[in-house]
1. Plugging the Kirkwood radius over Cα pairs into Stokes-Einstein for the stretch 31-77, at a temperature of 4 °C and a viscosity of 1.567 mPa s, what D comes out in µm²/s?
2. Bin width 5 Å, alpha-carbon pairs only: give the P(r) of the stretch 2-87 as whole percents, running from 0 to the bin holding the largest distance.
3. Given a Förster radius of 30 Å and the C-beta distance between ALA48 and TRP23 as r, what FRET efficiency does 1/(1 + (r/R0)^6) yield to the nearest 0.05?
4. Order the peptides 59-72, 79-92 from the highest to the lowest mean number of other Cβ atoms within 10 Å of their residues.
5. Would you mind computing, in nm to one decimal, how far apart the modelled labels at THR87 and ARG39 are, each placed 7 Å from Cα along Cα→Cβ?
Amino acid sequence: DYAGECRLFDLDMFDRNARMFVWTDPAVGGEQVRIAATRLLLDHAFTALGLCRVATAIEPGDVHSAEIAARVGMVREGRMRCFVGATGRRADHDLWAVTTPIAQG
């Protein structure tokens, strides 16, 4: 059974940036699984890959995903109009991102 997916994409190793996507089937894993997957993916991005910034796009109505993003340290940076997100449809999305402390200084 397909329980979910977490991935980094649009990796830019020159600027050390990437985008991320995390999805879990609610029937298989609850919020704690999604939070754990997000934290593991961010840890891999910042430690193993040496990235400085990871971003994700969340539709404004997806309050649950926004809460998880905030819980793992991501910050809402703004709204992207007519953006094609993970669903493949064009809609407004909020840009959320997290950076390493070294990238902030």
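1. Here the translational diffusion coefficient equals 115 µm²/s.
2. Whole-percent P(r) values from 0 Å outward: 3, 13, 25, 26, 20, 11, 3, 0.
3. 0.90
4. Peptide ranking by packing, descending: 59-72, 79-92.
5. 2.9
Coordinate-derived values only; no laboratory data. In this text, all values refer to a predicted model and were calculated from it rather than measured experimentally. FYI the Cβ positions are ideal-geometry reconstructions off the backbone, even for glycines, and counts take in every protein chain you see.
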